[in-house]
Amino acid sequence: MCGIVGYTGKNMAAPILLDGLAKLEYRGYDSAGVAVRNTKGKHEIVKTKGKLCKLNDMLDGGNALSGTCGIGHTRWATHGAPSEENAHPHHNDDMSIVAVHNGIIENYTDLKEKLLNKGYRFYSETDTEIATKIIDYYYRKWDKNPLQALISFTLRARGSFAIAAMFEDYPEEIFIARKDSPLIVGVTEDGSYLASDVPAILKYTRDIYYVDNLEVGRIGKGTVAFFDVDGKQRKKKPKKIDWDVEAAEKGGYAHFMLKEMHEQPAVVRDTYNAFVRNGKIDLSEGKINDGYLKGIGRIQIAACGSAYHVGVVAKYVIEELARVPVNVDVASEFRYRNPVFGKDDLLIVISQSGETADTLAALRMAKENGVKTLAVVNVLNSVIAREADKVLYTKAGPEISVATTKAYSTQLIVMYSFAIQLAMVKGSINEEKYARLIDEMSKLPEKMEKVLSEDERIKWFANRIMNKHDVFFIGRGIDYAACMEGSLKFKEISYIHSDAYAAGELKHGTISLIEQDTIVIGLVTQTALAEKTKSNLEEVKTRGACIMGVTYNGNYLIEDLSEFTVYIPSTEPCFTASLAVIPFQLLSYYVSVAKGNDVDMPRNLAKCVSVE
C-alpha cells in the first residue's frame, strides 16, 4: 500500500518522481503528490486527490516544478479520508521540513497530544503530518541534526513506517528511516533514487540497497550512508536485480494482468528449473536438506488472499503425498487465535511481496515461540525473506497487476516441489512415483499454454454473464481450493458478488440462493470425486442455474449439464489447480474488460497490504 519515491542528483527531479510513482500505481492509492526543492532553496508541494494522471497534468509532466531534489508519494487512505489536505507530502509550519510516509503510526494520538502541548497545530487528519511534526520537534531539540531527529522518531514511534524527509537546511539531501515498511535506495553517477519497490527505479539502476529495519539513511547526489539507531554507520553492499526492465512494462498487452497471465508458462518453467536438477528436487537454494525435512512433525501455513489459497492447495497435496498433518490459516486469524505450537512444527508463510503485515506478524509469533519457519516469497531480500529461517523464492519476476496470476502459479510450483521432496524423505512415495510426479510437473508450462489458447471462447462466455449479480464456484477437494482462488479473482476485478463453496455443502444452506439463471461454475478434475460433484451440479441445474463446467480432457460427465464447458489437459490430480485456475483468470479478466473496469487497479485494493 502507498508508494514512496525520491531523487536527488543532476537531473530535474519532478519528471523522475512522476515516472517512479507511475511504476508504483499497482500498490494502490487514492491521492498523490510531490515536493521539490526549487531553485530558491524552498520546498514546493503539489498534491491532489485522485489518479496520478491528474497530478501529471497539474505539473505538465514535471516541467512545472524546477529543482533537482524531491520526494513523491501515492497514498492509500488509512487515517483520514482521501483529500488534497490528507495527501502527502506533509510539512511543518514553515515548510522547512517535508516528508512522505508509508505505514501506520499506532501511537499517533499520544504523539499528537505531546505536540499540541508544545504549541503545534494541524491541518490534516493524518498520522503522517504528526510524524512530520514530531520529526520537526526532535530536529529543533537536537540542534538541527536531521539524522538524530529521525533516530529519535524511530525510537519514539510505534507501528510500521518508511519515511523520507527533506530539510531546508540540508540542500540536495534526503533523509530516510524504516521500520517494517519496505524502502530501497539506488545510487548512480547521475544521482540517488529511493522507492518503496524495485520497479520505480529499475530503469535507472539494477544495484539496490535494501534499507534494514530500524535503520536511517542520508542520501546525497550519488551517495548514501546508513546508520543504526545508535548513530553508528553501517557498511552495506547493493544487491543486483536480474529482472529485465521490459518485465515491468506492458509489452504490447492491453493490461498488465493479461500480460502476466500469458507469462505464467514461462515463469512456472523458471521456478521448476530453479528447484529441479537432473530429475531430482533440490531445495538447497533455501538451505533445506533431507535431515531438515525428516524433522518436520506438523506443518502450519499462514498467508493472505491468493497466497492463502495456495496454502489450501498445499494442504491437500502435502497430506496426500507426504502424510504429514497440515493446518492452514488466514494470517490475520492465525496471529490472534493463540495457536498451539509443537516442538517439531514448521510454519510456512507465503507472500508475493514479502511485506504482508499479517503474514509477517504470524512469522514473528512463530519465531518467538521457537518454531521453525519457512518463507515462500517473490521479492528478493524482502522483510519476510530476511526474517524467516529458510526462504524459497518464486521466479515470477515483477507482478504489477493487483490481481495476482503468475505469482500464484509459481507459489504452487514451490509448494509442489516441497511436498514431493518431503514425501520422498518421509518414505510415503517410492522412487517411481517421485520420478513420475517430477516429470509431470515439468509438463505443466506446456499444458498451461494450451489452456491460455482458450481465451477467445472464454471471452465469449464472459460477455454473456457480464451483467449477472451472483456467481458461485463449486468443487471438491483440490477443486474446492482452486475455486476459492477463482472466486477471489472474479469478485476483485469484476465487482460482481461471487463465492466459492465445497460442493457437498450446497445442501447445508447455500442452495437456497440458487434461482433462475444464477451462474454456477463447477470444477471437476478429481476423478474420485467427479460423480459426487456431478450430482451437486444436477441439483443446481434443476433449480434454474446456468452452469459453466471446467474439467479435464476426455471427461464428458458434465457436458450435458453445462451451458459452456472448458476442457483442460489431464495431469496428476494434485497438480490440477495450476491448470484449472487459468480459465477462472481469463473469465474474470474478460468480464472486467467488458464492464469497463480498471483491470490492473481495481477499486479499494492494493497490491501489497503492508498495514493491518
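So in the chain, what percent of DSSP beta bridges are antiparallel if you round to the nearest 5?
60 percent
Give Lys49/Lys259; Lys114/Lys179; Lys433/Lys491; Lys23/Lys294 a once-over and call out the pairs whose C-alpha atoms are over 32 Å from each other. Could the numbers behind the result be given before it?
Values: Lys49/Lys259 29 Å; Lys114/Lys179 22 Å; Lys433/Lys491 38 Å; Lys23/Lys294 44 Å.
Result: Lys433/Lys491; Lys23/Lys294 exceed 32 Å.
Starting from the residue with the highest accessible area, list Lys240, Lys179, Lys595 in decreasing order, probe 1.4 Å. It would help to have the intermediate numbers written out before the result.
Working: Lys240 135, Lys179 50, Lys595 80 Å².
Accessible-area ranking of Lys240, Lys179, Lys595, largest first: Lys240, Lys595, Lys179.
For Cα extents along the principal axes in Å, the choices are (i) 93, 73, 53; (ii) 76, 54, 44; (iii) 93, 67, 50; which was calculated from the structure?
(ii)
Rank Ser592, Ser453 by accessible area, highest first, at a 1.4 Å probe radius?
Working: Ser592 0, Ser453 80 Å².
Of Ser592, Ser453, the descending order of accessible area is Ser453, Ser592.
To the nearest 10 square angstrom, what accessible area does Asp127 show with a 1.4 Å probe?
Rounded to the nearest 10, the figure is 0 Å².
Choose one of Leu21, Gln526, Pro89: the residue whose Cα lies farthest towards the positive end of the charge dipole of the chain (beta-carbon charges +1 Lys, Arg; -1 Asp, Glu; about the Cα centre).
So the residue we want is Pro89.
Select from the range 476-526 those GluC sites (Glu not before Pro) which occupy a DSSP coil region and have at most 16 other Cβ atoms within 10 Å, ordered by residue number.
On the way: sites: Glu485, Glu492, Glu505, Glu515; in loops: Glu515.
Hits after loop and neighbour filter: Glu515.
Tell me, how many Å apart are the Cα centres for the range 317-359 and for the range 452-486?
Cα centres, the range 317-359 to the range 452-486: 28 Å.
Just to make sure I understand: if all protein chains stay in place, what is the order of Phe473, Phe341 by accessible area at 1.4 Å, largest first?
Details: Phe473 0, Phe341 50 Å².
If we order Phe473, Phe341 from most to least accessible, we get Phe341, Phe473.
Under 5 Å between amide H atoms, partner at least 5 residues away or on a different chain: which partners does Ser31 have, H built in plane at 1.01 Å?
Gly50, Arg75
At a probe radius of 1.4 Å, what is the per-residue accessible area of Thr394, in Å² to the nearest 10?
Approximately 10 Å² of Thr394 is accessible to the 1.4 Å probe.
Counting pairs of alpha carbon atoms under 8 Å apart in space and at least six apart in sequence, what relative contact order in percent does the chain give? Could you put the intermediate results ahead of the total?
On the way: 1390 pairs, mean separation 72.6, N = 612.
RCO, the chain: 12 percent.
Counting only helical runs of four or more DSSP H residues, what would the 222 nm mean residue ellipticity of the chain come to if each run contributes -39,500 (n - 2.57) and the total is spread over all its residues? Walk me through the intermediate numbers first.
On the way: 19 runs with 219 residues, N = 612.
Theoretical 222 nm ellipticity from helices: -11000 deg cm²/dmol.
Using only protein heavy atoms and a 1.4 Å probe, report how much of Thr39 is accessible, in Å² to the nearest 10.
The accessible area comes out at roughly 120 Å².
Using the crude model of +1 on Lys and Arg Cβ and -1 on Asp and Glu Cβ, and no other charge, please compute the dipole size for the range 96-168 relative to its Cα centre, in debye to 20. Intermediate values should be presented prior to the final figure.
Values: 10 positive and 9 negative charges, 54 e Å.
Roughly 260 debye for the range 96-168.
What dipole magnitude, in Debye to the nearest 20, does the range 1-69 give about its Cα centre under +1 on Lys/Arg Cβ and -1 on Asp/Glu Cβ? Let's see the in-between values first.
Working: 10 positive and 6 negative charges, 39 e Å.
Using only the charged Cβ atoms, the result is roughly 180 debye.
The values are calculated or read from the model by the stated rules, or taken from the named source; none is laboratory data. As the structure is a computational prediction, the values presented were derived from the model and not from experiment. Here the Cβ is made from the backbone with ideal geometry for all residues, glycine too, and neighbour counts use every protein chain on show. Just so you know, the surface numbers come from the protein's heavy atoms only, side chains and all, with ligands and any DNA or RNA stripped out. Shrake-Rupley method; radii C 1.70, N 1.55, O 1.52, S 1.80 Å.
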